[in-house]
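Taking it in order: structure first as structure tokens, then the write-up.
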Amino acid sequence: MNLLALFWEFFKLGIFSFGGGQAMLPWIYEIGQKFCGMDADEFTNLVGLSQMTPGPVGVNAATYVGYMSEGIIGSIVATLGVAIPAFILVITVSIFLKKKGESKFIQGTLEGIRPVAIGLIASAIYVMAKACFFDIDLDKESVGSIGELFSHIEIVPIIFCVIALFIIGKFKLSPIKSMGIMAALGAVVYGFGLV
Amino acid sequence: MKKILDNPYIQIFCSFFKFGLFTIGGGLVMVSYIEQVLVEEKKWLTKEEFLDGLTISQGLPGIVAINMATYVGYRKKGIAGAICATIGVIMPSLIIMIIVAMLMKQFSENRFVSGALMGVKACAVALVTHAVIKLGKPVLTSVYAWIIAIASLLVIALTGVQVVWVVIGGIVISIIYTAIRTNKMKEVD
């Protein structure tokens, strides 16, 4: 039963993901690869769309992968899968909160896990950059030399990315505004065949 | 109609539906708005309770917004309240993302759509890069942190090890490291 397997995968994700929706991304990519043959390109789509649509990034990504795997039922199953562990954990903890108070040990352990989350988010960037900036699928084809690697670089996405970094970093535009601008830019540039 | 809207469970559902709808780009952006609504307007929580909830939501695994919804819903109206709040907060995502995914399947061939997606993808790389720098600054403050972060990145990117094992490995290492550090501090005392 694929739906059960899908639910279980997202349930595990819900239990083990520390560090917010973005740290979930590499894991969601794995699930996507397994259940709907997602490739790096589609993953990058997913990340972009999850950021620009309303709702927490993690929920959006789960819904998307769930839909691509098993349709509407899949998206409901996936989203519930991610939500239910939180449900159990939060209720359990808030019952015990007043008694336990603050434990230095637990604090320290949680602090120690945060670098892992940073590494996970960085790995998502690695996957997305590979998909976005090169015109071949680097996971499927191998390159003979650095020179050959460079010959496959696609300049336009890189320029877009630099523009986006500028908009986000310097002008501090919100995710949805920056996405909107970049989407419009992309539609114009590629739609009218300017490159 | 008014009777329906006055029902506390419906109220909880609606409030969290709104939170879900307005959360774009990350749950933490909404914190001050959520505090304003829950503590000042609706008076469902005191400021301390809200901060407790925030700490729990961030400390526990999973999605902060969902954790918060469960916490507040539970405090207000027990398990039924928690269910209303959680369903409320995930509803906007479910509806909108299903529509978006459907559209993706339909229009992926269109030149303008795929062009727009190219822009979206490049922007996604930029956004996540920005996020990792912002989130990384307060975290990567020790050699330990840097080693763990780089190690996690390399293992995920370059080996086939599944993310779950990297997380579990990280938890184990963190427990050992914290235990060693706590012991060292006790020795100093």
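The values are calculated or read from the model by the stated rules, or taken from the named source; none is laboratory data. Just so we're clear, the structure is a prediction, and the values are computed from it rather than from any experiment. Neighbour counts are summed over all protein chains in view; Cβ atoms, including those assigned to glycine, are modelled from backbone coordinates with ideal geometry. Remember, those area values only see protein heavy atoms, side chains included, never the ligands or the DNA or RNA. Shrake-Rupley method; radii C 1.70, N 1.55, O 1.52, S 1.80 Å.
Rank B:T86, B:T55, B:T159 by mean-square fluctuation in a GNM of chain B with C-alpha springs under 10 angstrom and give only the top-ranked residue.
Comparing B:T86, B:T55, B:T159 in the GNM, the peak value goes to B:T159.
With a 1.4 Å probe and all protein chains kept in place, how much accessible area does B:I24 have, in Å² rounded to the nearest 10?
Number for this one is 40 Å².
Please check chain A for the longest run free of GluC sites (Glu not before Pro) that are loop-located per DSSP (anything but H, G, I, E, B) and have at most 13 other Cβ atoms within 10 Å.
A:1-101
Given a cut-off of 29 Å, what percent of all Cα-Cα pairs of the protein assembly as shown lie beyond it?
Summing the P(r) of the protein assembly as shown above 29 Å gives 44 percent of all pairs.
Of A:S123, A:S75, A:S145, which is the most mobile in a GNM of chain A whose springs link Cα atoms less than 10 angstrom apart?
Checking each option, the largest mean-square fluctuation is seen for A:S145.
For B:K47, go through the aspartates and glutamates and keep the ones whose alpha-carbon is under 17 Å away, minus same-chain ones fewer than eight residues off.
Cα-Cα hits under 17 Å: B:E35.
Quick check on region A:101-191: what are the equivalent-ellipsoid semi-axes from the Cα gyration tensor, as sqrt(5λ), descending, whole Å?
34, 23, 10
May I ask for the equivalent-ellipsoid semi-axes of region B:78-189, computed as the square root of five times each C-alpha gyration tensor eigenvalue and listed largest first in whole Å?
They are 39, 24, 14 Å, listed largest first.
For A:F171 and B:I168, FRET efficiency with R0 = 56 Å and r from the beta-carbon atoms, rounded to 0.05?
Rounded to the nearest 0.05, the efficiency is 0.90.
Expressed as a fraction of 2.2 N^0.38 Å, the rule-of-thumb size for a compact globular protein of N residues, what is the C-alpha radius of gyration of chain B?
Taking N as the residue count of chain B, the ratio is 1.31.
For the protein assembly as shown, what % of the accessible area comes from carbon and sulfur atoms, probe 1.4 Å?
68
Relative contact order for region A:42-119: what is it in percent, counting Cα pairs under 8 Å that are at least 6 residues apart?
15
Per residue, what accessible area does region B:18-85 have, given a 1.4 Å probe and all protein chains present, in Å²?
Ligands and nucleic acids excluded, the figure is 43 Å² per residue.
For region A:40-195, state the semi-axes of the equivalent ellipsoid (square roots of 5 times the eigenvalues of the alpha-carbon gyration tensor), sorted largest first and rounded to whole angstrom.
Ellipsoid half-lengths, sorted descending, are 36, 20, 18 Å.
Return one whole number: the accessible area per residue of chain A in Å², for a 1.4 Å probe.
Result: 44 Å² of accessible area for each residue.
Leaving out ligands, DNA and RNA, calculate the buried accessible area for the pair B and A with a 1.4 Å probe, summed over both sides, in Å² to the nearest 100.
7800
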